[in-house]
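Colleague: Okay, here's the structure, questions in a sec.
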Amino acid sequence: MKVLPTELPGVLLIEPKVWRDERGFFVETWQQARYAAAGIALPFVQDNHSKSAEGTLRGLHVQLENSQGKLIRVISGEIFDVAVDIRRGSPTFGRYAAVLLSADNCHQLYVPPLFAHGFCVVSATAEVEYKCTNLYHPQSELSILWNDPAIGIPWPISDPSLSAKDRAGITLAAATDRLPRYEG
């Protein structure tokens, strides 16, 4: 597998080895020792699976307590996947890393704890599976506004389908007092 750094330290693009032939393909999507050697050493304790229609945007989400690292992959369709550094004092505060993940490319994105995460569906539908390093803790979840101009994510859709939670997202500036501090 190839592990490629992104614009944000700790956010990693993983290109697993895919064996393809006329019957289909085989890919190893998780192997503890190999991923730990690549810098993804936190234990995963929860797996999630979502299916969304084209134009759906989910995010930008982060848990401030019981923060989750996430290993994201697409098993059907294609998404534009984004991680945002929201740690106050970080040299990359407010910056993002964005990649296309699809069932065809089999790539994965690792988003460390205390980074916001979101994605939008760019195919007719998409099914996304992701492993989490901590359990879901809705009481500490924060939704950052998907189109916060201070972040400037170039989403490939202009009028996304959003949940009520995501429509009510707040800007980084409005969330400043709640954001985690960079530990360096």
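The values are calculated or read from the model by the stated rules, or taken from the named source; none is laboratory data. Bear in mind that the values here come from a model prediction, so they are computed numbers and not experimental data. FYI the Cβ positions are ideal-geometry reconstructions off the backbone, even for glycines, and counts take in every protein chain you see.
Colleague: Can you confirm whether the range 106-115 contains a residue that is at pLDDT 95 or above, surrounded by fewer than 16 Cβ atoms within 10 Å (Cβ to Cβ) and in contact with a strand residue (DSSP E or B) (Cβ under 7 Å, 6 or more places away or on another chain)?
Modeller: No, there is no match, as no residue in the range 106-115 is at pLDDT 95 or above, surrounded by fewer than 16 Cβ atoms within 10 Å (Cβ to Cβ) and in contact with a strand residue (DSSP E or B) (Cβ under 7 Å, 6 or more places away or on another chain).
Colleague: A follow-up question, please. Do we find a residue being farther than 17 Å from SER50 by Cα, out of contact with any helix residue (DSSP H, G or I) (no Cβ under 8 Å at 6 or more places or on another chain) and among the basic types (Lys, Arg) anywhere in the range 149-170?
Modeller: Yes, the range 149-170 has at least one match.
Colleague: Name, by its number, the condition in (1) buried (at least 22 other Cβ atoms within 10 Å of the Cβ); (2) over 27 Å from GLU15 (Cβ atoms); (3) small (Gly, Ala, Ser) that does not hold for SER140.
Modeller: Result: SER140 passes all but (1).
Colleague: Could I ask something else about it? In the range 2-22, what residues are surrounded by 12 or more Cβ atoms within 10 Å (Cβ to Cβ), on the phi < 0 side of the Ramachandran plot and not in a strand (DSSP E or B)?
Modeller: THR6, GLU7, LEU8, PRO9, VAL11, PRO16
Colleague: Same structure, new question: Test of understanding: among ILE153, ILE157, which residue is of a type in the set (A, V, I, L, M), within 19 Å of GLU7 (Cβ to Cβ) and part of a loop (DSSP other than H, G, I, E, B)?
Modeller: Result: ILE153 is the single residue among ILE153, ILE157 that is of a type in the set (A, V, I, L, M), within 19 Å of GLU7 (Cβ to Cβ) and part of a loop (DSSP other than H, G, I, E, B).
Colleague: Which fully enclosed strands (runs of 3 or more DSSP E) of the range 23-86 have 1 or more residues being surrounded by 20 or more Cβ atoms within 10 Å (Cβ to Cβ) and at positive phi?
Modeller: Fully inside the range 23-86 and qualifying: 57-63.
Colleague: If you go through the range 55-72 one residue at a time, how many are more than 18 Å from ASP148 (Cα to Cα), within 12 Å of the chain's Cα centre (by Cα) and not aliphatic (A, V, I, L, M)?
Modeller: Matching residues across the range 55-72 total 3.
Colleague: Conditions: (1) within 11 Å of ILE79 (Cβ to Cβ); (2) among the acidic types (Asp, Glu); (3) under 11 Å from the mean Cα position of the chain (by Cα). GLU129 meets all but one. Number of the miss?
Modeller: So GLU129 meets the others, but not (1).
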